[in-house]
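Please read the structure below before turning to the comments.
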Amino acid sequence: MSARINVITLGCSKNTVDSEFLVGHLRNRGYEVDFDAQKTKYDVAIINTCGFIHDAKEESIDTILLYCAYKKANKIDKVIVCGCLSERYKDELMEEIPDVDEFFGVFEWEKILEYLDTQIETKYYTNRQISTPKHYAYLKIAEGCDRSCSYCAIPLIRGKNISRPIEDLVEEAKSLVASGVRELIIIAQDTTYYGLDLYKERKLGALLKELVKIEDLKWIRLQYTYPHQFPMDVIELMKQEPKICNYIDLPLQHINSEILSSMKRNINSEETRQLVEQIRTQIPDIAFRTTFIVGYPGETEKEFEELREFISNARFDRMGAFLYSPEEGTSAYELGDEISEEIKQERLDEILFIQQQISLEINQGKIGKVFEVVVDKREQDFWIARTQYDSPEVDNEVLIPDSFKVEVGKFYNVKIVDAVEFDLIGEVL
């Protein structure tokens, strides 16, 4: 079968990496493949779905229906669905959306290739084709998760934690850097758990020590860390190694001890506060990204007030927040969902407003200061850049007027001349 293929990726950066390996193998076999192509001049759509929370499921289903409509209109020939939603709800989806030609689970990449009349010539973690700008890429160091957080369906979808060997990851990282990547973003369901299954001890620090040796690698960024038994050797290494960005993504989810206990987070309020303080003491200029869930069962006004106060006082650099979504099969699902969507939304709006003010104040404090930035892209009249304190797509950006002559993927020193809630305005020195 000779086909032009469009791979549409929904959800998190871990899905992005899965799609990149799939596209690499397809292109290696001679297929013409695009990522998220807007035009419909292709034969097959492969949709890599997300099934994490209610909104993500809805987006996945809407996307599947859109491409089935293209198929009905004879604009494309086949629709293939894979990923998390397909893994979890395959039987229901087959019944509800019969226009899909085939469904595959999260680890059935070889079956997708077989379905397209091709095969893997080498092991799956090779031949990767990145979909990000060529100067940064995600490095997925493990699959699955051994945690038992009460609200999370990921272990039900992706199974137990499986760490990839350090030597394989270093080999992949070297290959990415040789292709022009200057920033590696370390991801997994829980990056701080890395190595426990394979080496019987946490090995994130050991992995980072190997990655910093790669000569042309400029930045290494940590995402998806976990607060319980946080490996402080990683912070010590971050302090010593200029290549490791002073940035940590640490989803806390809540601050009330009873809620944290019900969430099965294995950490209480006092321990959470101590961890944040400990990390900030070690690296005073570290940028914290965190996320919280509002409307979890049992969150009364009292528990929410504690969360609101904590957010106000902790002053995180970056913060995401979600409405609690009951997921079938999780232990929290049995607790019911007694908090109305209206109250959940009010609470969400309240903490997002607090964070907006904090972000504005932090950003205004940067006016007049100089930061090293990497240029990601050009949009309208601006170059879009980032400091070491920001992940792409989710964090603040530095906007540089396009009158400055810069290049995408290059690093520059920029003086901040203005700031708004989630953006800095800079001039190249």
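Running Debye on region 4-115 with equal point scatterers at the Cα sites and no solvent, what base-10 log of I(q)/I(0) appears at q = 0.09, 0.10, 0.13, 0.24 Å⁻¹? Result of the Debye calculation: -0.20, -0.24, -0.42, -1.55.
Across the chain, counting alpha-carbon atoms alone, Rg and Dmax equal 22.0, 61 Å.
Spread over its residues, the convex hull of the C-alpha atoms of region 74-185 is 156 Å³ per residue. A DSSP coil position with no more than 13 other Cβ atoms inside 10 Å describes the following GluC sites (Glu not before Pro) in region 183-219: 201, 215. Between residue 148 and residue 70, residue separation times 0.36 nm minus the direct Cα-Cα distance comes to 24.1 nm. In loop segments of region 1-93 as defined by DSSP, the trypsin sites (Lys or Arg not before Pro) with at most 13 further C-beta atoms inside 10 Å of their C-beta are 39, 41.
Charges at C-beta only: +1 for Lys and Arg, -1 for Asp and Glu. How large is the resulting dipole of the chain about its Cα centre, in Debye rounded to 20?
Value, rounded to 20: 1680 debye.
Each part reduced to its alpha carbon centroid, region 219-256 and region 275-312 end up 15 Å apart. A straight Cα-to-Cα reach below 17 Å connects residue 209 with the lysines 140, 174, 218, 239, 243, residues fewer than 8 places away in its own chain not being considered.
Spacing of the modelled spin labels on residue 178 and residue 41, each 7 Å from Cα toward Cβ, amounts to 3.4 nm.
Inter-label distance, residue 313 to residue 114: 5.8 nm, where each label sits 7 Å from its Cα along the C-beta direction. Could you please state, rounded to a whole Å, how far the C-alpha centre of region 20-49 is from the C-alpha centre of region 374-429? Cα centroid to Cα centroid, the span is 31 Å. The trypsin sites (Lys or Arg not before Pro) of region 288-348 that meet both conditions, a loop assignment by DSSP and at most 16 other Cβ atoms within 10 Å of the site Cβ, are 315.
In the chain, helical runs assigned H by DSSP with n ≥ 4 each contribute -39500 (n - 2.57); averaged across all residues and rounded to the nearest 500, the mean residue ellipticity at 222 nm is -11000 deg cm²/dmol. Each label was represented as a point 7 Å from its Cα along the Cα-to-Cβ direction; for residue 160 and residue 280 these points are 3.9 nm apart. Just check region 370-428 against the gyration tensor rule for me: Cα atoms, a ≥ b ≥ c as the square roots of the eigenvalues, rounded for a/c under 1.5, and otherwise prolate or oblate depending on whether a/b exceeds b/c. It comes out rounded by the Cα gyration axes.
Laboratory data are not the source of any read-out in this text; all were calculated from the coordinates shown. All values reported here derive from a predicted model rather than from experimental measurement. Cβ coordinates were reconstructed from backbone atoms using ideal geometry, including for glycine residues, and neighbour counts include every protein chain displayed.
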